[in-house]
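Just below is one structure, and these are the notes that go with it.
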Ligand SMILES: Cc1cc2nc3c(=O)[nH]c(=O)nc-3n(C[C@H](O)[C@H](O)[C@H](O)COP(=O)(O)O)c2cc1C
């Protein structure tokens with residue numbers, strides 16, 4: 001989303017200025033054109049050269065030392081698609097709130113029309129200071145996006161609020177600025193990953209779901225402004241920022257989590273690959289080899305059906321949009337359409353599994369979106385992130401249509 005975007009990165013004189021280097025690296029890796037502006041205090045903490053080399057741009061360190069006739073603070077400000085100040089010192093926050101323009105960064109910020117995000121970072125007592133909090137309120141009213149500092153041990157050896165969030169989180173929130181806010185106010189539940197059903201204390205039955213598709217859907221919805229609850233089976237990928245995470249292991253736990261949080265949801269998207277069966281009686285102790293049937297070296301495991309969560313949600317939903325996923329190895333469309341009817345779904349995303357570039361574990365997916373009104377849309381092979389956004393576009397379109405039809 002930030003490829004080729006013009007971003008101003010303001011760096012102020014705080015201990016956390018070193019983290020801005022990593023932040024710049026993330027922005028450059030994503031293809032942004034980053035213009036760094038450093039205050040004279042920032043130069044006491046980190047060198048200009050590092051930012052110059054990594055940004056592949058001139059670094060602005062003062063109003064009057066550009067060495068040419070350009071009016072850089074206006075030129076950069078007017079070309080910016082977003083401006084980010086990390087770390088933002090108490091001093092800079094005060095200047096921005098009160099309209100003081102006495103150095104390159106504060107002057108440039110007066111001229112920026114694009115969205116501005118600041119990341120306050122300072123000692124806890126400074127952060128709690130009433131003047132600072134007043135200034136943050138003013139900036140918030142002015143439409144500046146404020147990323148709250150984290151809590152923990154600070155460089156000054158005190159502990160509390162004031163820590164600059166990690167560069168990955170700052171970068172993620174910056175990227176969010178470039179997404180449409182078309183899901184603001186919507187509550188979305190997404191399920192993801194596999195479930196695990198115990199055979200004994202050390203073994204379980206599960207499937208190959210990596211959680212990548214469900215996590216991509218949750219992330220896309222959060223980036224578009226939704227309040228997202230992600231109910232996830234055990235996976236090895238990091239959860240998206242900004243979502244409420246509920247971790248479960250078994251199908252029963254997933255059913256309980258979904259049913260207890262679904263009533264106030266607007267949209268429920270069930271991407272999880274829930275185990276259809278579980279061992280009837282998981283053993284208390286580890287199954288030993290000598291417990292096998294010695295006649296043919298086999299072990300018989302009785303399985304019992306798990307709750308059909310999608311069906312239960314379909315029966316219970318009121319005026320809510322329910323989307324399911326169908327992972328099939330054959331008769332994809334026919335099976336998916338049957339599932340829509342049987343489980344009272346509004347739509348289904350059908351994907352063929354067992355291909356290297358689609359389904360479980362792959363980074364890409366090939367899905368067909370089928371709706372209860374009979375319409376269908378076959379998507380090309382897409383990254384799971386792109387597929388997630390297509391899915392959300394489709395859902396929003398259907399919801400709008402339903403509202404208009406009412
Ligand atoms: C070692 C040291 C660390 C500092 N760390 C911070 C900090 O984390 N946050 C902050 O707001 N000010 C911090 N300051 C104070 C600022 O550097 C000072 O207020 C300065 O005027 C800020 O200038 P600037 O806003 O132009 O960058 C620190 C000062 C020193 C000497």
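General remarks:
- Cβ pairs under 7 Å, 6+ apart, first in region 32-47 and closer than 24 Å to residue 5 by Cα, second near the ligand (Cβ under 9 Å from one of its atoms) and in a loop (DSSP other than H, G, I, E, B): 39/12; 39/13; 39/103
- Residue 10 vs. criteria modelled with pLDDT of 95 or more and within 30 Å of residue 151 (Cβ to Cβ): yes
- Entry remark, region 9-25: residues being more than 22 Å from residue 81 (Cα to Cα) and within 9 Å of the ligand (Cβ to nearest atom) number 5 in total.
- Which listed residue, of 30, 16, is assigned by TED's automatic domain parsing to the domain that holds residue 106 and touching a strand residue (DSSP E or B) at 6+ places or on another chain (Cβ under 7 Å): 16
- Check on residue 226, buried (at least 20 other Cβ atoms within 10 Å of the Cβ) and away from the ligand (no atom under 16 Å from the Cβ): yes
- Qualifying helices (runs of 4 or more DSSP H) (wholly inside region 33-121; at least 1 residues being within 11 Å of the ligand (Cβ to nearest atom) and buried (at least 16 other Cβ atoms within 10 Å of the Cβ)): 42-45, 90-98, 104-111
- Strands (runs of 3 or more DSSP E) within region 153-257 that include 3 or more residues modelled with pLDDT of 95 or more and either in contact with a strand residue (DSSP E or B) (Cβ under 7 Å, 6 or more places away or on another chain) or more than 21 Å from residue 269 (Cβ to Cβ) (or both): 187-192, 227-232, 244-247
The values are calculated or read from the model by the stated rules, or taken from the named source; none is laboratory data. These numbers were taken from a predicted model, which means no experiment stands behind them. Glycine also receives a Cβ, built like all others from the backbone with ideal geometry; neighbour counts cover every protein chain displayed.
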